[in-house]
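Data block below; observations after.
Taken together, the values in this text are just the output of simple stated rules run on the coordinates, not laboratory data. Since we're looking at a predicted model, the values are computed, not measured. Cβ sites come from the backbone with ideal geometry, for glycine too, and all protein chains shown count toward neighbours.
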Amino acid sequence: MNFLTGQILSFDKPLGLTSFQLVAKVRRMITLAMGGKKIKVGHAGTLDPLASGVMVICTGRATKQIEQLQAGVKEYVATLRLGATTPSFDLEHPIDATYPTAHITRRLVEETLPRFLGDILQVPPAFSACKVDGKRAYDLARKGEEVELKAKLLRIDEIELTDCVLTGGEPQLTIRVVCSKGTYIRALARDIGEALGSGAHLTALRRTRVGEYREENCFSIDGFETWLSHQQIETEMP
């Protein structure tokens, strides 16, 4: 196993961990396995701390493939709470407004979701890594500054309603989404809420696929450490 010539590895990122933290953990484990030799490690597509699932990590010369890997189709399973919004469109911030939901039916949801198929324009969340005048939008938003982001063209190939609970508590939907690079599922939740004549925010998100890499074939952090201990590691370029 030669991490210097390059390896492409897929991990199941746990909730609460940033993408940077996962990369740092993987780099540290590989560095130790290589006797302290430093190695370049990067990831192909960020996941928020409140999201879990597939993250592709490249080592050595394989980091040159990151841009190509990032361009791959992504698949997500998302849960949306209807009737309430938050500034970040997810659970990072508390609810800032509530809306009526009594008019929402399963039929209305099923008629609304197909409107998001194909090429669409989406305004990214203010709490995102998008840059405004060279600064990260989330840094400005956290300082309370007004953030105006331009709509971006993206593509949604599939959107499927997998669960719909509208009675007996907080109304919520679960959807499966297959989409292009650059899609913010948090922003999609916002837009679906508005299209339903209400509000919505993300309460759970899992990425199940990045290109050809699927969740069932991913390493856990502990599983990777165990696997690594059984590999014959080369520490020099061939």
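Observations on the model:
- Residues whose amide H falls under 5 Å from that of Ala84, counting only those 5 or more places apart or on a different chain, are Tyr99, Gly199, Ala200, His201, with hydrogens built in the peptide plane.
- Note on Lys25 and Gln65: their simple-model spin labels are 2.4 nm apart, each label 7 Å out from Cα toward Cβ.
- Annotation: average projected area of the chain is 14.3 square nanometres, based on the convex hull of Cα atoms across all directions.
- 5 angstrom amide H check on Phe3, placed H, neighbours 5+ away: Glu234
- Relative to the 2.2 N^0.38 Å rule of thumb, the stretch 11-71 has a C-alpha radius of gyration ratio of 1.12.
- When the trypsin sites (Lys or Arg not before Pro) in the stretch 14-50 are filtered for DSSP coil states and for at most 15 other beta-carbon atoms within 10 Å of their beta-carbon, the remaining sites are Lys37, Lys38, Lys40.
- With θ taken as phi - 60° and the Karplus curve 6.51 cos²θ - 1.76 cosθ + 1.60 applied, the whole-hertz 3J(HN,Hα) list for the stretch 103-116 is 7, 7, 10, 4, 4, 4, 4, 5, 7, 7, 4, x, 5, 9 Hz, x standing for glycine and proline.
- Fully extending the segment from Ser180 to Asp119 would add 21.0 nm, taking 0.36 nm per residue of separation and subtracting the current Cα-Cα distance.
- Ile39-Glu170 FRET efficiency (beta carbon distance; Förster radius 45 Å; 0.05 resolution): 0.45
- Peptide packing for 108-121, 44-57 was compared via the average number of neighbouring C-beta atoms within 10 Å per residue; ordered from the highest value, the list is 44-57, 108-121.
- Extension gain, Leu149-Glu111: 0.36 nm per intervening residue step, less the Cα-Cα distance, totals 10.8 nm.
- When peptides 218-224, 232-238 are ranked by their average number of other Cβ atoms within 10 Å per residue, the highest-first order is 218-224, 232-238.
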